[in-house]
């Protein structure tokens, strides 16, 4: 699609915040001829890394994030920076300072967040691929809502260098695409060791051959399902989608094994207590002196809520009561997930407990509205596991994805099950 047509189509969607002209010369590589959107919390030299906030609305990146370097080296054209929830604080794509992102597959509904613009740009055909970040479901949530593929790698597989943090111990960059094969292809470009990121993993080169090792045969796959997933689903349509998806996997030869996740209901408070503290720490550099404006004076309500709560919880007299307990709960959730995965290859379940709401129809001053979307996705980030969303159904005119969760560094196994399910669905 030509850049002028992309700009025209974007006026309805608000998927992009800023556009980038096509470079005069593009090197040959794995992404030659491909167009990409990059979330506005990643540095792209010469473009604004605003995080969809007035705080950084005038900040122009002076360097490229690690993933952007790799994209450019492989011949990809970054069309522009994509809209998002402000500082990735949100699950609907509505909290950004520059307006909500429309869902191209369900007009009038939210695209999901916080990587709203990325999912919408891919779903609308404005770009071939997008690069989002996932702190508690921010790739998988909008991928599910917009009917595209989204993948969160194992923590450390993709460098976070050049990503503006929401919560350092939870954030991970990953691909969004129309198919699992395309997502795997982009992941090959994004993944790899980076000495500038202390959390980056230095793995065997064969680990990164996601496309070559991609297969759809599910005949010997052990699939774990947890009754707690079903219990926490709000929409009957999503409950039915999960049941039908599991039946399809069983018919394809998968062995279905029930597993137990007794602390799943603790994931939301555990996640947000961790996020509040880490986000408060991360935002202390936005003091209006070095770059940008003072965040407390320019941010929206959800960002300010997280800063104030993070400041409160970080105080010495409260850290033991809240934050240290959250860290212990995080260890419990990770242990339970690893125990559940011990006898299976992957877990499958819903991405979200309820369908996305219509734009402007929910009270965003009530955090329960947004936080409720994250109950099935946050445990994955708390445990640092790989997980993806693959299109499964359309419910009441809105796409809905199936979540596949894997063991640490078993990213390939997750992608393979996603590809196998995609094939069962006729894609």
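Could you go through the range 143-156 and let me know if any residue there is part of a loop (DSSP other than H, G, I, E, B), over 19 Å from residue 101 (Cα atoms) and in contact with a helix residue (DSSP H, G or I) (Cβ under 7 Å, 6 or more places away or on another chain). So that I can check it myself, show each step before the final result.
Of all residues in the range 143-156, those part of a loop (DSSP other than H, G, I, E, B) come to 147-148, 153-156.
Filter once more, so that each one left must be over 19 Å from residue 101 (Cα atoms): 153-156.
Right, trim to in contact with a helix residue (DSSP H, G or I) (Cβ under 7 Å, 6 or more places away or on another chain) and you get 153-154.
Yes.
Return yes when residue 327 is under 26 Å from residue 383 (Cα atoms), in contact (Cβ under 8 Å) with a residue 24 or more places away in the chain, out of contact with any strand residue (DSSP E or B) (no Cβ under 9 Å at 6 or more places or on another chain) and surrounded by fewer than 21 Cβ atoms within 10 Å (Cβ to Cβ) and no when it is not.
Values: under 26 Å from residue 383 (Cα atoms): yes; in contact (Cβ under 8 Å) with a residue 24 or more places away in the chain: yes; out of contact with any strand residue (DSSP E or B) (no Cβ under 9 Å at 6 or more places or on another chain): yes; surrounded by fewer than 21 Cβ atoms within 10 Å (Cβ to Cβ): yes.
Answer is yes for this residue.
Taking only the range 1-20 into account, find how many residues are modelled with pLDDT under 95 and in contact with a helix residue (DSSP H, G or I) (Cβ under 7 Å, 6 or more places away or on another chain).
Looking only at that region, the number is 0.
Would you tally the residues in the range 288-308 being modelled with pLDDT under 95 and either surrounded by fewer than 19 Cβ atoms within 10 Å (Cβ to Cβ) or on the phi < 0 side of the Ramachandran plot (or both)?
Our first condition is that a residue be modelled with pLDDT under 95; within the range 288-308, this holds for 288-292.
Adding the requirement that they be either surrounded by fewer than 19 Cβ atoms within 10 Å (Cβ to Cβ) or on the phi < 0 side of the Ramachandran plot (or both) leaves 288-291.
Total satisfying the criteria: 4.
Quick test for you: out of 238, 256, pick the one residue that is farther than 30 Å from residue 312 by Cβ and crowded, with 19+ Cβ neighbours inside 10 Å.
Numbers: 256 fails: crowded, with 19+ Cβ neighbours inside 10 Å.
Exactly one of 238, 256 is farther than 30 Å from residue 312 by Cβ and crowded, with 19+ Cβ neighbours inside 10 Å, namely 238.
Does any residue of the range 261-268 turn out to be without any contact (Cβ under 8 Å) to a residue 40 or more places away in the chain, touching a strand residue (DSSP E or B) at 6+ places or on another chain (Cβ under 9 Å) and not in a helix (DSSP H, G or I)?
Within the range 261-268, the subset without any contact (Cβ under 8 Å) to a residue 40 or more places away in the chain is none.
Within the range 261-268 (the criterion being without any contact (Cβ under 8 Å) to a residue 40 or more places away in the chain, touching a strand residue (DSSP E or B) at 6+ places or on another chain (Cβ under 9 Å) and not in a helix (DSSP H, G or I)), the answer is no, since none of the residues qualifies.
Only one of these is within 30 Å of residue 53 (Cβ to Cβ) and at pLDDT 95 or above: 276, 208. Name it. Outline the logic, then answer.
Working: 208 fails: within 30 Å of residue 53 (Cβ to Cβ).
On inspection, the qualifying residue turns out to be 276.
Tally the residues that are assigned to a strand (DSSP E or B) and within 26 Å of residue 155 (Cα to Cα), restricting the search to the range 102-135.
From the range 102-135, those assigned to a strand (DSSP E or B) are 102, 109-110, 129-134; that's our starting set.
Still in the running and within 26 Å of residue 155 (Cα to Cα): 129-134.
Qualifying residue count, the range 102-135: 6.
Out of the range 369-411, which residues are under 23 Å from residue 359 (Cβ atoms) and in contact with a strand residue (DSSP E or B) (Cβ under 8 Å, 6 or more places away or on another chain)? Don't jump to the end; show me each part of the working.
So the first thing to find is which residues in the range 369-411 are under 23 Å from residue 359 (Cβ atoms), and the list is 369-377, 389, 391, 393-401.
376, 377, 389, 391, 393, 394, 398, 399, 400, 401, listed by residue number.
Is the range 204-223 home to any residue that is assigned to a helix (DSSP H, G or I), in contact with a strand residue (DSSP E or B) (Cβ under 6 Å, 6 or more places away or on another chain) and touching a residue at least 12 places away in the same chain (Cβ under 8 Å)?
Step one: of the range 204-223, the residues assigned to a helix (DSSP H, G or I) are 205-208.
Cutting the leftovers down to in contact with a strand residue (DSSP E or B) (Cβ under 6 Å, 6 or more places away or on another chain) gives us none.
No, the range 204-223 contains no residue that is assigned to a helix (DSSP H, G or I), in contact with a strand residue (DSSP E or B) (Cβ under 6 Å, 6 or more places away or on another chain) and touching a residue at least 12 places away in the same chain (Cβ under 8 Å).
Please enumerate the residues belonging to the range 102-132 that are at positive phi and in contact with a strand residue (DSSP E or B) (Cβ under 8 Å, 6 or more places away or on another chain).
Quick first cut of the range 102-132, residues at positive phi only: 108, 112, 125.
If the condition is that a residue be at positive phi and in contact with a strand residue (DSSP E or B) (Cβ under 8 Å, 6 or more places away or on another chain), then 108 is the only one that fits.
The values are calculated or read from the model by the stated rules, or taken from the named source; none is laboratory data. If you're wondering where the values come from, they're calculated on a predicted model, not measured in any experiment. We place every Cβ from the backbone using ideal geometry, glycine too, and count neighbours over all the protein chains shown.
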